[in-house]
Each structure stands twice: as structure tokens, then as C-alpha cells.
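The values are calculated or read from the model by the stated rules, or taken from the named source; none is laboratory data. All of these numbers come straight from a predicted model, not from anything done at the bench. Don't worry about glycine lacking a Cβ; one is built from the backbone with ideal geometry, like all the others, and counts go over all protein chains shown. For accessibility, only protein heavy atoms count, side chains too; no ligands or nucleic acids. Shrake-Rupley method; radii C 1.70, N 1.55, O 1.52, S 1.80 Å.
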Amino acid sequence: MVRACICPTNPVHFPPFPFSRLMAWIEPHWQRFTPVSAALCPFSLLFGAVAGARRAAYRAGLIPRVKLPVPVIVSGNISVGGTGKTPLALWLAAYLRAHGRTPGIVCRGYGGRSSTPQRVLPDSDPDDCGDEAVLIARRSGCEVWAGVDRISAARSLLAARPACDVLVSDDGLQHYALARDIEFCVVDAARGFGNGWLLPAGPLRERPSRLATVDAVVVNAGDGNARHPSLALIPAGTARFTMKLEGREFRNILHPERSVGPGHFSGRRVHAVAGIGNPQRFFSRLQALGIEFAAHPFPDHHRFTASDLAYSGAEAVLMTEKDAVKCRGFAAQTHWELPVDAAPDSALGDWLLNKLKEKG
């Protein structure tokens with residue numbers, strides 16, 4: 001049994017789609033500036049010019065934005081990969097519900113096959129709606145709609161749930177067509193902004209200067225105290241909060257009523273899979289819980305099959321909630337998920353309610 005790490009002894013599994021292989025090859029060059037990063041710089045400059053022109057067109061009113069009849073709150077990021085925006089979106093919805101609001105949640109439904117907006121239920125097929133959308137429906141208790149066109153998804157949600165008085169958008173910081181009242185940008189404390197370059201030379205969708213225009217930055221500290229030096233690029237004066245991801249109880253996927261602590265896996269042959277934007281975050285979490293395991297990272301939104309989890313001699317296979325929604329149809333008694341919850345600064349809730357009051 002070995003400690004979790006992403007190394008040649010823990011091979012990455014990729015689907016046939018060549019883009020996934022290409023991204024996996026490029027990603028290691030995003031945390032530092034390498035000859036590969038340098039070769040991609042011209043493409044990054046072009047990407048930045050196009051993205052900047054697009055944003056300027058929206059800001060100048062040359063491309064119209066759609067204003068919905070209820071406030072819209074966006075939980076997004078400026079980098080690719082997992083930063084914790086979905087746990088924050090779930091926390092925002094739960095906090096609003098606890099304070100008398102009726103939130104709805106819209107998301108893109110990335111990884112789903114459907115091209116039209118659709119209502120997402122706890123038992124919806126993640127292959128149709130997307131894994132994150134089904135996870136949100138299961139955890140939030142809110143009306144959830146997914147669609148590439150967030151405006152259509154939001155309008156459909158409001159039509160289906162007239163009592164909804166605030167919308168939370170999971171991701172969509174760059175979806176400028178949808179006017180928003182409050183913007184949260186979630187930043188991974190350990191990875192920060194990587195090498196500081198835009199795609200494809202770096203991990204950024206927008207430059208860190210974009211954070212000067214968001215309402216608040218939420219730094220996801222995960223389980224540790226690591227702080228990437230690029231966090232210094234967060235503009236001074238921007239409201240800033242921190243959050244952690246909490247969760248120690250594993251839930252059996254085949255028998256959800258059964259939960260165990262980390263000690264249950266002591267001395268067992270354990271494998272861990274992660275098809276999320278930042279697999280190492282999950283593996284580090286397991287390490288922090290004292291679990292020894294073999295790590296198997298997969299591409300984000302990977303469509304798992306039973307063969308992906310068929311490890312010889314495995315006494316337990318651990319995974320994230322996001323991955324578990326795609327594995328319920330072939331789950332075995334040895335398959336476990338680790339639910340996590342965002343735990344932001346206590347001041348964030350009051351700040352949010354006051355901000356909504358300011359927006360009217």
C-alpha cells in the first residue's frame with residue numbers, strides 16, 4: 001500500500017478523446033513557466049485579446065446583457081480546474097434558505113449530453129444533465145436547472161418555480177450575457193493563479209486584474225495552510241474571505257444509509273479515484289485523514305464504467321461525491337464517497353445579506 005501521489009506508479013486514465021490527453025500533457029506546465037509554456041505564449045496573447053474584446057463589448061453595451069427579475073449570484077473562478085466553486089454555491093443556497101429566501105440554482109451541466117435546458121432532479125441521469133448538476137440537485141434541495149444557455153435555463157427555472165426570489169449560478173463568471181448582482185470568485189490557495197498566464201500557456205481564463213471588479217474573492221484553503229505566492233496578485237481593496245472544505249464521514253454508495261469514519265479503512269487495500277478538476281485535492285484530503293491508498297486520477301467529468309473501478313484485491317474504492325453520482329448504477333459494497341461541505345468565514349453570510357439589501 002502506498003501513500004497517494006500522482007506519479008508513474010499511479011497512471012492517469014484517459015478516454016479516447018484526444019483533447020483530454022492534450023490537456024493532461026499541458027497542465028503540468030501551468031504551475032511554472034517552462035519551454036512548453038513559452039511556446040504557447042502567442043496563443044495566450046491571442047486568447048487574451050479575444051477575451052478582453054468580448055468583455056469590453058459587454059461592458060460598453062455593444063452586446064446586450066439579460067437582466068432577470070430576481071437577483072443573480074455567481075460563484076465562479078478565473079482559472080480552469082477545481083477551485084471549490086460548487087461547494088460554495090451549495091453553501092450560498094443553504095444560507096439563503098436558512099434566512100428566509102427561496103433560491104434556485106442554474107449550472108451549465110458540463111459533461112451532459114443534453115443541448116437544451118432541463119430540470120435536474122436528484123435521480124436525473126448525469127450523462128444527460130452533467131455530474132455537477134445532479135450533485136447539486138441531491139445536496140441543495142433547491143430547484144435546479146442546467147443548460148449551456150444559462151439565460152434559458154434561468155428563465156425555465158423561474159417559470160417552473162415562481163416562488164424563487166434569488167438565483168445562484170454555479171460557475172458562469174465569464175457568461176457575461178447573464179447580468180448578475182453579486183460575483184464571487186473562488187481561488188485555490190495551493191495553486192493560486194499558476195504561472196500567471198492565460199490559456200493555453202497557463203491556467204487562467206481571465207487575468208487576475210479581473211478580480212478588481214468582482215464583489216468578493218473567496219480563497220479556498222482546502223484542508224491545509226498552503227498559500228501560492230501568486231495570491232499576491234489579488235487586487236488590494238477587493239473583499240476577501242477564506243473557506244475550508246469539511247468532511248470526515250464516508251458514505252457507502254450502494255447502501256447510502258451506512259457511514260463510516262477514516263479508521264474503517266485502516267489496514268485495508270484501498271484505492272482512490274478522482275475525475276475532478278484537481279484530483280490531488282481529493283488525494284491530499286485522504287492523506288490528511290490518515291488513509292493509505294493507491295491513487296488513480298482521471299480527467300475532469302470522466303464517465304466512469306465498472307471496469308474503471310475493478311482493481312484486483314481492492315477492499316475499498318474511495319471517490320468524491322461528484323464521481324459517485326456517475327457510479328451508482330454499478331456500485332459495489334466496497335465503493336465509498338466522501339461528502340464535503342464548504343465552511344467559509346462566519347462574516348461571509350452577513351456580508352451576503354447586506355449586499356443583497358444594497359442591490360435592492
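Can we say T213 is over 19 Å from the mean Cα position of the chain (by Cα) and either surrounded by 14 or more Cβ atoms within 10 Å (Cβ to Cβ) or among the β-branched types (V, I, T) (or both)? When the stated conditions are applied, T213 passes them. In this structure, does H271 turn out to be under 26 Å from V187 (Cα atoms), out of contact with any Lys or Arg (no Cβ under 9 Å at 6 or more places or on another chain) and at pLDDT 95 or above? It is false that H271 is under 26 Å from V187 (Cα atoms), out of contact with any Lys or Arg (no Cβ under 9 Å at 6 or more places or on another chain) and at pLDDT 95 or above.
Of all residues in the range 157-198, those satisfying the criterion of being crowded, with 20+ Cβ neighbours inside 10 Å, out of contact with any Gly (no Cβ under 8 Å at 6 or more places or on another chain) and among the hydrophobic types (A, V, I, L, M, F, W, C) are I182, V187, W197. Number of residues in the range 283-314 that are open to solvent by 60 Å² or more (accessible area, probe 1.4 Å) and not polar (S, T, N, Q) equals 5. The set of residues in the range 77-99 being under 15 Å from D170 (Cβ atoms), in contact with a strand residue (DSSP E or B) (Cβ under 7 Å, 6 or more places away or on another chain) and part of a loop (DSSP other than H, G, I, E, B) consists of N77, T83, G84.
Within the range 167-177, is even one residue touching a residue at least 12 places away in the same chain (Cβ under 8 Å), outside any loop (DSSP other than H, G, I, E, B), charged (D, E, K, R) and touching a Lys or Arg at 6+ places or on another chain (Cβ under 8 Å)? Within the range 167-177, one or more residues are touching a residue at least 12 places away in the same chain (Cβ under 8 Å), outside any loop (DSSP other than H, G, I, E, B), charged (D, E, K, R) and touching a Lys or Arg at 6+ places or on another chain (Cβ under 8 Å). Among the residues of the range 65-104, which ones are open to solvent by 60 Å² or more (accessible area, probe 1.4 Å) and under 20 Å from S156 (Cα atoms)? Residues satisfying the conditions are R65, K67, P69, R101. Sub-8 Å Cβ pairs linking a first residue in the range 300-314 that is part of a loop (DSSP other than H, G, I, E, B) to a second residue that is polar (S, T, N, Q), at least 6 apart or interchain, are A314/T334, ordered by first then second residue.
Evaluate the range 105-113: report whether one residue or more is at pLDDT below 95, open to solvent by 50 Å² or more (accessible area, probe 1.4 Å) and over 15 Å from D170 (Cα atoms). Yes, that holds for at least one residue.
Looking at the structure I just gave you, is V74 in a strand (DSSP E or B), among the aliphatic types (A, V, I, L, M) and in contact with a strand residue (DSSP E or B) (Cβ under 6 Å, 6 or more places away or on another chain)? Taking the combined requirement at face value, the residue satisfies it. The set of residues from the range 267-291 being assigned to a helix (DSSP H, G or I) and small (G, A, S) comprises S284, A288.
Taking the range 207-266 as the region of interest, the strands (runs of 3 or more DSSP E) fully inside it that hold 2 or more residues being more than 18 Å from R285 (Cβ to Cβ) and in contact (Cβ under 8 Å) with a residue 60 or more places away in the chain are 216-222, 239-246. Only one entry in D128, D123 is of a type in the set (D, E, K, R), surrounded by fewer than 17 Cβ atoms within 10 Å (Cβ to Cβ) and assigned to a helix (DSSP H, G or I), namely D128. For the range 134-151: of the residues being open to solvent by 40 Å² or more (accessible area, probe 1.4 Å) and within 19 Å of R113 (Cα to Cα), which is nearest to the chain's Cα centre (by Cα)? Only one residue fits best here, namely V148. The residues listed here are A53, A89, A49, A38; of these, the one that is in contact with a Ser or Thr (Cβ under 6 Å, 6 or more places away or on another chain) and at pLDDT 95 or above is A89. Can we say V50 is in contact with a strand residue (DSSP E or B) (Cβ under 7 Å, 6 or more places away or on another chain) and not hydroxyl-bearing (S, T, Y)? The answer is no for V50.
Here is the figure for the range 333-355: residues that are outside any helix (DSSP H, G or I), open to solvent by less than 40 Å² (accessible area, probe 1.4 Å) and under 15 Å from A93 (Cα atoms) total 3.
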